[in-house]
Each structure stands twice: as structure tokens, then as C-alpha cells.
Ligand code: CP
Ligand code: NVA
């Protein structure tokens, strides 16, 4: 049984396999075919934070693949009404897979330790692996073969950036991260990525103009993530020079794309002209949450692994 908590658990070959399944299922879906390859399978969605894309794309994935979902909000009281171990030991017998969005990463790790079914991280403070799968799947659609491509991430080295770094490292995409001092990728985590993927090319800078040089894609995310609302004023001040706007995009080739995991704070990390402009692929990227996750589920639960 496999869990997907950070993407470090998956090999490059496994991610490639997930993408091949996703590509096949996406092509069939676009022709109107929804093959029920996971009949009777049940997914629990255990969410402590709000979500549009993660929740709804997983619910639609399971419906398209012939399975079912149960959305479990705060009322189930995991870790409050009973211990996480007891909760996981029970829930894991009712369902085939748990997707969990939690305030603290350690809660998803604890859930995975005690559940008898696979656990997929649907976002924590440290990681957003499903987002990174969709991001690299999108870059692959746009650019073709991934090795040697370059992505620039401008902004907070948060959960989204960390998972993007793991995915880029595994798939040999060069990544340049531009963040202000104090908000850069954690050195210990970078060392862990490099131990896992020694060939990885990850560059850290505090200069967005340097990061985007010769990039095939420019990626950003909100300056203030869920749970950091108390720091919002300070973050607006610190991140102001890190906005992705027309001036920054003028430094990349016209063929380079703009990516954002969404939801976006328009006028903060990105301007309307960029996110709505011809280089933006944010809606394709959001749509690919559905397709990449179908690949992941078929690989994890089905006979296509
Ligand atoms: N990108 C993403 O995970 O969006 P949600 O928070 O809406 O799920
Ligand atoms: N970094 C953001 C991503 C939301 C999908 C957050 O954690 O709020």
C-alpha cells in the first residue's frame, strides 16, 4: 500500500506512468468516454480548510471512474472526538482511499501511519503534491518532453513551491525560485530533495528578473496562504517587488507560459493582464487537476499501476 504525502514517495518512472494514464483518460474524456475503471471504490475527503479545485476535482474523478466519495468536514472531529489513530483505524476500513487537507502536515502523516488504505495529501502547510502533478502534467502538454525545461517560481516558497520543487527535481525540470529573504526554500528540505534527486537543478535567488531568464514557464502563488492571515500586512509589504506583471513577463520568451495554482489574489502576486493574457494557462492547469488525479487514482487503486 502506498501513500502520497509529498511526492518524495514516488519515483520519476512512477510519475511518468501516472502521466501516461492521465493522458489516455483525458483523451477519452474529451471524446465523451468515462470508463468506470474504479467501480465500487470509495474515497473519503477529509478537509480542515476550504477548497474548490481539490475537493470538486476529486469528487468528479471518482464519479467519472465509477466510484463514490464522502466529504467529511470538521464535524467528524478527527483528533478531537477521538485520537487520530482510532479515527484512521476505523475510517480506513470503510473506504479505499482518503484525501486529506490539514492545517498541519504531521496530522496527515499520523493519519497515514494508522489507516489501512492509501492516504493522499490534499494540501498541508508543507506540501501540495496533487497540485504539482497537475502543474508538471500541464507543462508537459505545453512544452512536450520535460527534461531540460526551465520553470521560474516567483514568490513565497510555500507548500505549492515545495511540491513543485520535488516534482521538477524528479522530472529533470530546472527550477529557479525567487523569494525575499526569510521566505526562501528551506535549506534542509532542499538538501532532502537533492539527496532524493541528485541530478536536480534548483537555483535560489532573491531576484525575480534573474529567476525568469530563459524560462519556459513563470509560476506564482498567493503571498499569504491559508492559516497565515495574521501576517497578511507584513507579507504584502515584503512581497510587493515579487509581483508577476507585464514588466516581468516581458523578460521571458513569448512562448513561455504563466501558471498559478489558484485561487489568485489579483493585483497582489499577479496582475489581471498577465493572468488573463495570452501566455496564461491557469484554466488548463486547473482542469488538469482532474486528469492528473485520475491518473494517480488509477495507478494507486486500479489495475493500471
Ligand atoms: N489549487 C487548489 O488546491 O485549489 P483549492 O484550494 O480550491 O482546492
Ligand atoms: N499556498 C496556498 C495554496 C492554495 C491552493 C495556500 O496554502 O493557501
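Only the coordinates and a few stated rules stand behind these numbers; no lab work does. Owing to the predicted nature of the structure, the values given are computational and were not obtained by experimental measurement. For neighbour counting, all protein chains shown are included, and Cβ atoms are generated from backbone atoms with ideal geometry for every residue, glycine included.
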Item to check | Lone qualifier among 153, 183 - being out of contact with any strand residue (DSSP E or B) (no Cβ under 9 Å at 6 or more places or on another chain) and within 16 Å of ligand 2 (Cβ to nearest atom) | outcome: 183
Next on the checklist: Would you confirm whether or not region 277-292 contains a residue that is farther than 18 Å from residue 138 by Cα and under 20 Å from the mean Cα position of the chain (by Cα)?
Outcome noted: no
Checklist entry - Got a sec? Which of 55, 34, 2 is within 30 Å of residue 196 (Cβ to Cβ) and over 17 Å from the mean Cα position of the chain (by Cα)? => result 2
Checklist outcome for this item: Exactly one of 219, 242 is under 20 Å from residue 124 (Cα atoms) and either more than 16 Å from ligand 1 (Cβ to nearest atom) or surrounded by 15 or more Cβ atoms within 10 Å (Cβ to Cβ) (or both), and that one is 219
Item to check | helices (runs of 4 or more DSSP H) (entirely within region 187-240) containing at least 3 residues that are touching a strand residue (DSSP E or B) at 6+ places or on another chain (Cβ under 9 Å) and away from ligand 2 (no atom under 16 Å from the Cβ) | outcome: 187-196, 208-211
Item to check | All positions within region 140-149 that are out of contact with any helix residue (DSSP H, G or I) (no Cβ under 9 Å at 6 or more places or on another chain) and either within 14 Å of ligand 1 (Cβ to nearest atom) or touching a residue at least 12 places away in the same chain (Cβ under 8 Å) (or both) | outcome: 143, 147, 148
Checklist outcome for this item: Subset of region 119-138, residues within 16 Å of ligand 1 (Cβ to nearest atom) and more than 13 Å from the chain's Cα centre (by Cα), comes to none
Item to check | Evaluation of residue 67 against (1) within 20 Å of residue 125 (Cβ to Cβ); (2) touching a strand residue (DSSP E or B) at 6+ places or on another chain (Cβ under 7 Å) (one fails), failing number | outcome: (1)
Item to check | Residue ID - surrounded by the fewest Cβ atoms within 10 Å (Cβ to Cβ), chosen from residues in region 178-196 that are free of Cβ contacts under 8 Å to residues at least 40 places away in the same chain and under 23 Å from residue 12 (Cβ atoms) | outcome: 188
Item to check | Residue among 161, 167 that alone is within 16 Å of ligand 2 (Cβ to nearest atom), closer than 25 Å to residue 23 by Cα, in a helix (DSSP H, G or I) and in contact with a helix residue (DSSP H, G or I) (Cβ under 6 Å, 6 or more places away or on another chain) | outcome: 167
Checklist entry - Before we move on, is residue 83 away from ligand 2 (no atom under 16 Å from the Cβ), loosely packed, with under 14 Cβ neighbours inside 10 Å and under 17 Å from the mean Cα position of the chain (by Cα)? => result no
Checklist entry - Looking at (1) touching a residue at least 12 places away in the same chain (Cβ under 8 Å); (2) over 15 Å from the mean Cα position of the chain (by Cα); (3) more than 23 Å from residue 1 (Cβ to Cβ); (4) in a loop (DSSP other than H, G, I, E, B), which is the one condition that is false for residue 116? => result (3)
Next on the checklist: Please pick out the residue among 173, 160 that is crowded, with 19+ Cβ neighbours inside 10 Å, touching a residue at least 12 places away in the same chain (Cβ under 8 Å) and over 26 Å from residue 238 (Cα atoms).
Outcome noted: 173
Checklist entry - Pairs under 8 Å by beta carbon, first residue under 20 Å from residue 105 (Cβ atoms) in region 221-243, partner assigned to a helix (DSSP H, G or I) and more than 16 Å from ligand 1 (Cβ to nearest atom), six or more apart or different chains? => result 224/231; 224/232; 224/235; 224/236; 228/235
